[in-house]
Amino acid sequence: MAKSHAPPCAFCALHRTWLLGLMSLIFLQLEVVQAAGARAAVHGGEVQRARRKSKSPLIQAVVVTEPGLDTQEYSFEEPMPLAADSVEVEVLACTLGHTDTQQLRGDWGTCLMPLVPGREAVGVVVAVGRKVKSVQLGQRVGVLLGSGMDSENDEEGADRGALDFMTIGAAAERLRVPAAWAFPLPVSIPSPHACGLLSCGGPIWSQLTRRKLPRGAKVAIVGGGTAGFVAAHIASGLGFETFTMNAARLDADRGVDVDEKKLPAGVEDALDAENPEHLRLHGGSIDALLCVTACDELDLTPLLPFLRRGGSVLFANAVARSIVLSPRLLQERRVSLLPAEPLSGKEVLALLSFSAQHRLRLQHQETNELSAANAASALRAIAAP
């Protein structure tokens, strides 16, 4: 099974490759590298010569067959012809993250097995239904999938329960999705970065654009790594006064200390929630805390005094199993706790356009060959405390 991959944030590759990474946001990325000369090259969002379909109807994928992080290689066939409103995409890159490890372990409830992990992919359109007008053969697109649970919400992404014998996911050779969930990508964003932006950038974009924060509002990013880097760039790019915030008890970045000399571009300052001088200068002035931390327990108690009265705690990519906070501080400051809402198709395109305009790129990528063993290893690295 030839495939590619991703880093520490996590990426990985085999003539498809994986990148594996350990950061505040950790995700596994599969990047497909085609054999030289086998197919026409695809560059950015340009329409290229349509790829020849494989003679084999079998689709290769990585799956789990029971709750846990043990993966295996799996082959299946699509039982029905391509729907009139759908496209078939040959996957170039996909991401796996903390939400995948939680789902694979059964934390979200029962899911149809075998289960292919992953909810975001980048690929090339190799077939289109007769009613599809929004994308073309040979076009590079980003794909969003839903949660795959019984309570599937078709506003979150393509239905992963379309097949009655398994739960589909992004870690597969090919995907079939409604064209509404396949988005043409800007030429300037490489596939691995586009896939990562769909994974960690969507919730961040949702929080920072839907909450109607005024331009110049003070936003503090809680958490680091790839998600923190993306959050800082988006927040500053949207015109917010942007800070990073840390506390000794947060362990937001898996032991990585905040280094004020290495702040992302656009960040005003690095605040320590347990520093009395920082609290004196900035206490009661932050409009929103944007939480992107990957720690198991998120302690908001030392952070709430920085929020202004009526401020908000915005959750984006925060995968903590529990939250610690003071109800008294919550009530006194009338703080709102707000989860991220799914993006519409237009909002996804706006995020991608913004990322292209601001040349937003992910950091720290390295590659490995994709296999069931490597996938399991990457998932365990993501889930490690």
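Students often check this: by mean Cβ neighbours within 10 Å, which of 303-311, 328-336 ranks highest, and how do the rest follow?
303-311, 328-336
Going highest first, how would you order 284-290, 121-127 by mean Cβ packing within 10 Å?
Ranked by mean Cβ neighbours within 10 Å, highest first: 121-127, 284-290.
How far, in nm, would the chain grow between residue 155 and residue 187 when pulled straight, counting 0.36 nm per residue and subtracting the alpha carbon separation?
Computed gain between residue 155 and residue 187 is 8.9 nm.
Place the peptides 341-348, 174-181 in order of packing, highest mean first, counting for every residue the other Cβ atoms within 10 Å and averaging per peptide.
Final packing ranking: 174-181, 341-348.
Please calculate how many Å² of accessible area segment 85-165 carries per residue, with a 1.4 Å probe and no DNA, RNA or ligand atoms counted.
Accessible area per residue, segment 85-165: 38 Å².
Protein chains only, probe 1.4 Å: how do 281, 213, 349, 314 rank by accessible area, largest first?
These residues rank, largest area first, as 281, 349, 213, 314.
State, to one decimal in nm, how far the label point of residue 165 lies from the label point of residue 347, with both points 7 Å from Cα in the Cβ direction.
Here the modelled spin labels are 3.7 nm apart.
The values are calculated or read from the model by the stated rules, or taken from the named source; none is laboratory data. Since the structure is predicted, the reported quantities are computational estimates derived from the model, not experimental observations. Positions of Cβ are generated from backbone atoms using ideal geometry, with glycine treated the same way; all protein chains shown enter the neighbour counts. Note: areas computed on protein heavy atoms with side chains; ligands, DNA, RNA excluded. Shrake-Rupley method; radii C 1.70, N 1.55, O 1.52, S 1.80 Å.
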